[in-house]
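Sharing a structure, written as structure tokens. Questions coming.
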Amino acid sequence: MSLSRRDFIKRSAALTAASYIGMTLPGATTAQAAEELTWHRGSCRLCGVGCRVQLGVNVKGVAVALRGEPKSRTNFGYLCMKGMMFYRIMAHPDRLTKPLYRESKQQPFREISWDEALDIAARKFAAAKREHGPDSTAYYGSGQCLTEETYLFQKIMRTALQTNNVEGNPRLCMASAVGGYLSSFGADEPIGSYANIEKSSCIFLIGSNMAEAHPVLFRRVMRHKLDNRDRVKIINADPRFSATSRIADLHLQFKPGTDLALLNAIAYTIIDEKLFDQQFLADYATFRQGKAEQVDMTAYWQSLQDYSPEKTAAICGGNIDAEKIRAAARMFATSKGSVSFWCMGINQRKRGVWANNLIHNLHILTGQLCREGADSFSLTGQPNACGGVREGGGLCHILPGHRPVANEKLRNQVEDAWGIPRGRIAPKPGAHTMKMFQQVNSGAIKALWINCTSPAQSLPNVDLYRQGMAREDVFIVTSDIFPTRTTELSNLVLPTAFHFEKSGVYGCSERRSQLTLKAVEPPGDARPETWIATEWCARLADQLQDPVALQAVKPFLGKEMAVAQPQAIWDEYTQQLTKHRDNDLRGATYQVLGQMADGVQWPAPTEAYALTGGTGIKFVKGIDPLASSEAKDDKPYQFYGPGHPDRKLWVWIRPQAGADEEPDSNWPLYLSTGRVIDHWHTTSMTGRIPELMRANPYSFVEINPRDARQYGISPNDMVEIETRRGKVTMPAKVVEGPIVGTVFAYWHDMHEDRMINKVVKDSFDPGSKEPEFKICACRIRRVSGPQALTPFVVS
Amino acid sequence: MKQQFLALLLLALLVAFAACSRPPVEPSVAAAGHPALSAQDMLIPCSSCHQEVTPGVYSEWYASTHGLDNVKCYQCHGTYENLSVTPDMDRSCGACHANKLGDHTGNRLCWDCHTPHSFTYAE
């Protein structure tokens, strides 16, 4: 029987009063009895912060508790709710425990043995290569795979199948940051570390709801602000007022797609008020436009004339006025140390690379780099997008160790390290993610391996690409731990071991590699991906009658799968392929990583140096060993990255560029999408933890009260969001969050009615190829009052 | 007749609207120590109701570092099936403050010194 609301309120009040005097009402559960646990150190499985955790395993070998690692310099023991609870999915009854197969996607799955499964996968990929060529095969991985897994899969694809069709979901979230770092600094990944937070005086948060997407790192920002309320200034620039905005001294709320103008206006003020660092610019910077044509500072200043604070305020709208822009510029430029943080709000834009460049410009102009408290820092969404995919060769255009595949000399280095003939690796970059799924749609790709991700939910305009994935002539293998929207479109589903059920390394946002060793057994017949890939490749080589193909896995065949095999893969990668590269990880052996509470930051060329923790700030002599060994002059900073032969930082001229699809009379609103703190990506994991699911049981659409009034929408009303690509319907939250004229939908929902990526546009940045998830045009209408909805996960 | 029908229809819509101000009630599930809630009510964030029924507690939490950092009710108190009015220190506080348990607390409870929900760390 349900209580009346009055009863509920009365009893809740009594319950709360009881809590003050330390008693528990009759019937309440008591604390779980203490049990003997063994604590295993490792990394959090979820976001890119790289929190270190300790997993509590009981005498039966079951994971039953989790706590933060107090000695870790990433999280100092703190965890978010997802981190606290992720271990609870390990024993979830929905776990995939047997290989599943069906010849036709119309058939039901049947359980098969690993031998059968691996033979089928080998036969199908070999047939595709033989009959349709190497590029009819593809691998689509994840920033959640261990580095050993990404490295091994890309090695197999390039060596055995001879294709560069190697991609992963970091293309959807990080690619613009890669493009920005390479084009501005000549080297991928941040220069500094999280430690700059506590040393900064100004923190500039743009395009990031850090409080929800990176909560444990946000705690450090919040703590620093609360401890230094007057000295530390927080600027939050975002079209949406979010949980992050609560700690801001200055919130710049601008119309979606006007971020480039805003950033140029801050640069304008820095120059106009002579707040730039002339000596830093003279020593370390040049100015560029177009495709890297060098220009002088006068040309740069001339390019900013369209972005005076007054002109820009008119472009940006929202609460922006000229004085706010000037105030932001002064806070940023005059502070003793300024750190910028951004994430998807900047990266997932049609001109995401340009937006990244314009943030870096502010740091170069003011010399807010390479010193304590100053950095230009792209937050990473996933735990191993940096370490595995960006560093390990997990994208179509790069080989391990930040080597462009199109560069013959660098290709040869990799071929020599792998012991395969020069010329074996195809010189042409493969298909980037969106092109890959276009080729699935056209049928050009015949065999696709999807690992640890669910593109059938996470791609933009996803229904278009689900059509291709449903084709009977496209063979799809999916390796994962749970059923997803993607397993529904697969022929072969392989059950994989989860985090702490296998061993390997994650590399988080701050260039920090951290080891997690196996602590519990995987359920049923689930296996580590490194074992799966090794065994598959051996069969593939047999099918192809190609001894060179076998070379991809020969060093790892037959090794014990829990530790010895991933360790051998890690050793090959780090010792052979990061040697003398900017991400030199030779010192970060399993032995060293096993001793470190919080891993090692590269470059770390020797074990002795790695045991100090590695490099906190790149390019600085006395801190970064490569800055000394690669030095070309006496200057304290040495920008030795592989992207800029002139060893300079590049200030870019980049004009304002709006969204690919702007609102008009038929589609009058902006649609933006994003994350909430309780969920991770598609909810295939967090949706199976009751506390997390109940906290945010389905996608909501946030609507500004002014827009809600205009459309007659009340809280919890069901609202249809329609774009040129289709419709979804979800309940409304009427909040002063999104700027007027914008609706914001959460993307954590597997239900067909509420999957927001069905309506998001699939245009992408021409440089980074990262899609513009963050902005498209839509219209909305109230469908009904509140409806009883049921949380949903594919099972 | 038509006017009567429209009036009845309007009345029915008004009643339906009132009933729909929250999703319809389904069979309740009693959680230990917590007023029984329907399956739909369980999908309402704790803070939504407690903002109303225990506004003082809500305000303290919202203004605290836990509130600023989105440490939510269920992280300390669990959800309906495992609700604990008095949190298990090891599993809730200890998840983030493991190094503060043991020597730091002695035999005391965290909330003997740190006021529950506002949790001023300087106390």
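Would you mention how many residues in region B:38-69 are within 14 Å of A:Ala695 (Cα to Cα), within 7 Å of another protein chain (Cβ to nearest Cβ) and not in a helix (DSSP H, G or I)?
Going through region B:38-69 one residue at a time, the tally reaches 2.
If you don't mind, there's one more thing I want to ask. Consider B:Glu81 against the criteria (1) facing chain A (nearest Cβ under 9 Å); (2) free of Cβ contacts under 8 Å to residues at least 24 places away in the same chain: it satisfies all of them except one. Which criterion is unmet?
(2)
Quick grid of which residues meet (1) farther than 17 Å from A:Trp114 by Cα; (2) under 28 Å from the mean Cα position of the chain (by Cα):
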| site | (1), (2) |
| --- | --- |
| A:Arg527 | no, yes |
| A:Thr530 | no, yes |
| A:Ala541 | yes, no |
| A:Val548 | yes, no |
| A:Lys554 | yes, no |
| A:Gln567 | yes, yes |
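Of (1) of a type outside the set (Lys, Arg); (2) without any contact (Cβ under 8 Å) to a residue 60 or more places away in the chain; (3) surrounded by 15 or more Cβ atoms within 10 Å (Cβ to Cβ), A:Gln107 satisfies all except one. Which?
(3)
The rows are residues; the columns are (1) more than 14 Å from chain B (Cβ to nearest Cβ); (2) in a strand (DSSP E or B); (3) of a type in the set (D, E, K, R).
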position: A:Asn716; (1), (2), (3): no, no, no
position: A:Pro766; (1), (2), (3): yes, no, no
position: A:Lys769; (1), (2), (3): yes, no, yes
position: A:Lys774; (1), (2), (3): yes, no, yes
position: A:Arg779; (1), (2), (3): yes, yes, yes
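Another question, if that's okay. Which of the strands (runs of 3 or more DSSP E) found entirely inside region A:36-130 contain at least 2 residues meeting this: among the aliphatic types (A, V, I, L, M) and in contact with a strand residue (DSSP E or B) (Cβ under 9 Å, 6 or more places away or on another chain)?
A:52-57, A:63-68
Of the residues in region A:366-383, how many are buried (at least 24 other Cβ atoms within 10 Å of the Cβ) and farther than 24 Å from A:Ile677 by Cβ?
Total satisfying the criteria: 6.
Something else now. Quick check on my filter: what residues within region A:365-402 are among the polar types (S, T, N, Q), out of contact with any Phe, Trp or Tyr (no Cβ under 6 Å at 6 or more places or on another chain) and part of a loop (DSSP other than H, G, I, E, B)?
Answer for region A:365-402, where residues must be among the polar types (S, T, N, Q), out of contact with any Phe, Trp or Tyr (no Cβ under 6 Å at 6 or more places or on another chain) and part of a loop (DSSP other than H, G, I, E, B): A:Gln368, A:Thr380, A:Gln382.
Is one or more of the residues making up region B:102-110 within 9 Å of chain A (Cβ to nearest Cβ) and in a helix (DSSP H, G or I)?
no
When region A:137-196 is examined, which residues are found to be more than 14 Å from the chain's Cα centre (by Cα), within 24 Å of A:Cys537 (Cα to Cα) and not in a helix (DSSP H, G or I)?
A:Thr137, A:Ala138, A:Tyr139, A:Tyr140, A:Ala160, A:Leu161, A:Gln162, A:Thr163, A:Asn164, A:Asn165, A:Val166, listed by residue number.
Each row is one residue, and each column tells you yes or no for (1) among the aliphatic types (A, V, I, L, M); (2) surrounded by fewer than 21 Cβ atoms within 10 Å (Cβ to Cβ); (3) free of Cβ contacts under 8 Å to residues at least 60 places away in the same chain.
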position: A:Ile235; (1), (2), (3): yes, no, no
position: A:Asp238; (1), (2), (3): no, no, no
position: A:Ile247; (1), (2), (3): yes, no, yes
position: A:Ile270; (1), (2), (3): yes, no, no
position: A:Gln279; (1), (2), (3): no, yes, no
position: A:Thr312; (1), (2), (3): no, no, yes
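For the subset of region A:681-712 comprising residues that are polar (S, T, N, Q), in contact with an Asp or Glu (Cβ under 7 Å, 6 or more places away or on another chain) and outside any helix (DSSP H, G or I), which member is nearest to the other protein chains (Cβ to nearest Cβ)?
Residue satisfying both the conditions and the ranking: A:Asn696.
From the list A:Phe475, A:Phe500, exactly one residue is buried (at least 24 other Cβ atoms within 10 Å of the Cβ), within 20 Å of A:Glu116 (Cβ to Cβ) and at pLDDT 95 or above. Which is it?
A:Phe475
The values are calculated or read from the model by the stated rules, or taken from the named source; none is laboratory data. Here the structure is a predicted model, which is why all the values come from computation and not from measurement. All Cβ positions, even for glycine, are placed from backbone atoms using ideal geometry, and neighbour counts span all protein chains on display.
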